[in-house]
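Taken together, the values in this text are just the output of simple stated rules run on the coordinates, not laboratory data. Predicted, not measured: the structure shown is a model, and the values here were computed from it. Here the Cβ positions follow ideal geometry from the backbone for every residue, glycine too, while neighbour counts run over all protein chains shown.
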Amino acid sequence: MKRLLVVLLVSAMFAVGLAAPIVLKSADVHPDGYPTVEAVKMMGRIIEIMTNGKYKIEVYTGGQLGDEKETIEQTIMNVIQMTRVSVAPLQTFYDPIGVFAMPYLFRDEEHFWKVLEGPIGEELLKGVEKIGLVGLCYYDAGARSFYTRKPVQKPEDLKGMKIRVQMNEVMVALMQALGATGVPMAYAEVYTALQTGVVDGAENNPPSYYTARHFEVAPYYCLDGHTRIPEILLISKAFWDKLTPEEKLIFKTAAIASAQYEKYLWKKMEEEALEAVQKGGAKIFKPDISAFQKLAQAVYDRFPQYKDLIKRIQEVK
Ligand code: GTR
């Protein structure tokens with residue numbers, strides 16, 4: 001009897017171990033080596049080990065599976081299972097989370113993480129379930145700043161410029177408030193648009209500016225830090241609902257671990273990127289931020305739906 005049990009147990013273990021893994025496709029617009037990409041890969045390794053090889057995550061980098069709007073749609077439909085995107089393009093699908101695109105919303109980095117990792121961040125992460133997604137965690141994306149073909153040192157320099165922005169209404173409104181025109185465009189198209197002068201500039205954090213090589217075609221980087229828009233890791237709710245409670249716990253724990261790892265990688269890459277772009281010929285300018293801040297206030301009147309959330313965010317000490 002005992003022997004029979006052992007045989008049964010061993011063969012059951014083999015069956016689990018040998019069965020073909022369930023592969024989750026995960027999208028990212030960034031290349032290998034980028035903090036978000038490496039963090040999701042790390043999450044995959046944890047899940048693979050903890051589920052005894054039942055699940056495997058394959059990260060499709062460099063926008064292979066489409067732009068962020070498309071990968072969000074595919075994830076909702078469970079065509080792909082996961083996508084790592086900026087919160088900015090998610091606004092079209094779930095408006096409340098767009099509050100994180102408001103300019104100069106956070107006092108500093110500490111305030112940013114207190115909000116994201118506190119009740120407000122949790123509430124918005126949970127909110128995406130309404131649109132068929134499960135928010136696993138946020139990742140760091142630092143602060144976004146302008147880079148242009150001609151120098152920008154103060155808001156007046158942006159007058160009449162066409163600035164590429166993410167697919168996000170707040171960003172378009174911000175460009176208008178600063179005297180520029182926001183041109184929403186997929187990330188993969190930005191390099192050529194800058195090179196050919198379809199746009200005069202764009203805006204992003206140092207790691208993106210560097211890895212997408214935008215510094216080659218827009219070498220003036222003005223560190224005004226107008227927004228701090230987090231990244232978010234999303235999984236299809238249709239897929240999620242089929243996981244057992246234990247598996248959900250493993251996925252969630254692995255995501256949280258990956259977020260800590262991403263933060264660490266982020267800090268390193270932010271510094272390295274700033275150095276690398278300067279070596280590559282980019283000129284960095286640290287402007288008087290108050291001039292940008294003042295004009296950006298006009299955006300707050302344009303989005304009354306965020307009033308309560310903004311108040312709650314500001315109250316986080
Ligand atoms: C990056 C972000 C990407 C993408 C990109 C963009 O900072 O990590 O997910 O949103 O910006 O500007 O399109």
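Points worth noting:
- Alpha-carbon geometry of the chain: the Rg and the Dmax are 21.3, 84 Å, given in that order.
- Between Thr148, Ala177, Leu133, the Cα set farthest toward the positive side of the dipole of region 73-184 (charges on each charged residue's Cβ, about the Cα centre) is that of Thr148.
- Positive end of the dipole of region 207-311 (Cβ unit charges, origin at the Cα centre): among Phe292, Ile256, Phe239, the Cα lying farthest that way belongs to Phe292.
- Simple Cβ-charge dipole of region 231-281, Lys/Arg +1 and Asp/Glu -1, about Cα centre, in debye nearest 20: 140 debye
- Distance cut-off 15 Å, percentage of C-alpha pairs in region 266-317 lying past it: 69 percent
- When you count the other C-beta atoms within 10 angstrom of each residue and take the mean per peptide, 129-141, 228-240, 62-74, 300-312 line up highest first as 228-240, 129-141, 62-74, 300-312.
- With contacts taken as Cα pairs under 8 Å at a separation of at least 6 residues, region 164-317 carries a relative contact order of 32 percent.
- Per-residue ellipticity at 222 nm, computed for the chain from helices alone with -39500 (n - 2.57) per DSSP H run of at least four residues, works out to -13500 deg cm²/dmol.
- In this structure, the amide hydrogen of Glu203, modeled 1.01 Å from its nitrogen in the peptide plane, lies closer than 5 angstrom to those of Tyr147, counting only residues at least 5 positions away or on a different chain.
- Shape of region 158-264 from the C-alpha gyration tensor: prolate (a/c of 1.5 or more and a/b above b/c, with a ≥ b ≥ c the square roots of its eigenvalues).
- Across Lys69/Lys130; Lys286/Lys311; Lys162/Lys294, pairs whose alpha-carbon gap is larger than 19 Å: Lys286/Lys311; Lys162/Lys294
- Of all DSSP bridge pairs formed entirely within the chain, close to 55 percent run antiparallel.
- Cα-centre dipole for the chain with unit charges at Cβ (Lys and Arg positive, Asp and Glu negative), debye to 20: 400 debye
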